[in-house]
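Below: the structure, in C-alpha cells.
Just so you know, all these numbers are worked out from the coordinates, no wet-lab data involved. Treat the numbers as computed from the prediction; the structure is a model and nothing was measured. Cβ coordinates were reconstructed from backbone atoms using ideal geometry, including for glycine residues, and neighbour counts include every protein chain displayed.
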Amino acid sequence: MLKTNKHTLKKTYQLTDIKQISEAIIAHIKTPKTLLFYGDMGVGKTTLIKEIVKLLGVMDATSSPTFSLVNEYQGNKSKVFHFDFYRIETEEEVYDIGIEDYFYQNAWCLVEWPNKIPNLIPQDAVVIRLNENIDGSRSIEITTSESNN
C-alpha cells in the first residue's frame, strides 16, 4: 500500500500581508506544481494568485480567466497557467482546452474552483484553503504531499 505523508502549513493574515503570504507559499512548495485554491467567492483567491504570479516573474498584467478558462504567462523560470473554472458546468468542458497538457508539464498551474473538476486533478496537487475570519483577516491552510517539498 502506498503511503502519502502530508505536510500542512497554516497562517492567518491581513490582505495587506498578501506579498508575504505569497512568498511563503512559493518557498513552501519550491518547484512548479499544480496549486488548487479553495474558498468562497470574495475570499481573495484571485488576489492571492495575482501576487504569486507576480513573484514568479510574470511582468504582464494579470486577470482572472473567468471567461477564457485559462490565462498563460511566462515567468522567470517556467510558464504559469491561471485557471478559473467557476463558470463550467461539467468536467467535459475543460477537455476542450486540453487540461491534461497543462497539468502534466513543468509549469505552475494555479486553479480557482477546482471543486468543479474533481476527477481531473493531479494526485500531487497542492491544496490551498482560504477562509475569511470574522475580523476580516484571512486564514490559509496549505497541504502538500511529501513529494511536493
Charge dipole (the chain, unit charges on Cβ, about Cα centre) - positive-most of THR47, GLY57, PHE103: GLY57
Along the three principal axes, how long is the range 57-147 when you take its alpha carbons, biggest first, rounded to the nearest angstrom? 40, 33, 32
Vicinal HN-Hα couplings computed from phi for the range 96-106 (Karplus, 6.51 cos²θ - 1.76 cosθ + 1.60; Hz; Gly/Pro x): 5, 9, x, 3, 4, 4, 6, 5, 10, 10, 7
Ranking of LEU55, LEU35 by count of other Cβ atoms within 10 Å, fewest first: LEU55, LEU35
Dipole magnitude (debye, nearest 20) for the chain, charges at Cβ of Lys, Arg, Asp, Glu: 680
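By count of other Cβ within 10 Å, fewest leading, how are SER78, SER22, SER63 ordered?
Ascending Cβ contact count within 10 Å gives the list SER63, SER78, SER22.
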Of LYS11, LYS50, LYS33, which is the most mobile in a GNM of the chain whose springs link Cα atoms less than 10 angstrom apart? LYS11
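Would you please name the chymotrypsin sites (Phe, Trp or Tyr not before Pro) within the range 1-80 that are DSSP coil residues with at most 15 other C-beta atoms within 10 Å of their C-beta?
PHE67
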For the range 73-86, in residue order, the Karplus 3J(HN,Hα) values (coefficients 6.51, -1.76, 1.60; θ = phi - 60°; whole Hz; Gly and Pro = x) are 9, 9, x, 4, 10, 7, 6, 10, 10, 10, 10, 9, 9, 4
What do you get when you divide the Cα radius of gyration of the range 1-56 by 2.2 N^0.38 Å, with N the number of residues? 1.26
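In what order do ASP101, ASP84, ASP124 fall by count of nearby beta-carbon atoms within 10 Å, going from fewest to most? Walk me through the numbers on the way to the answer.
Working: ASP101 9, ASP84 24, ASP124 14.
Fewest to most other Cβ atoms nearby, the residues stand as ASP101, ASP124, ASP84.
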Rg/Rh for the range 1-94, where both radii come from Cα atoms and Rh is the Kirkwood radius: 0.98
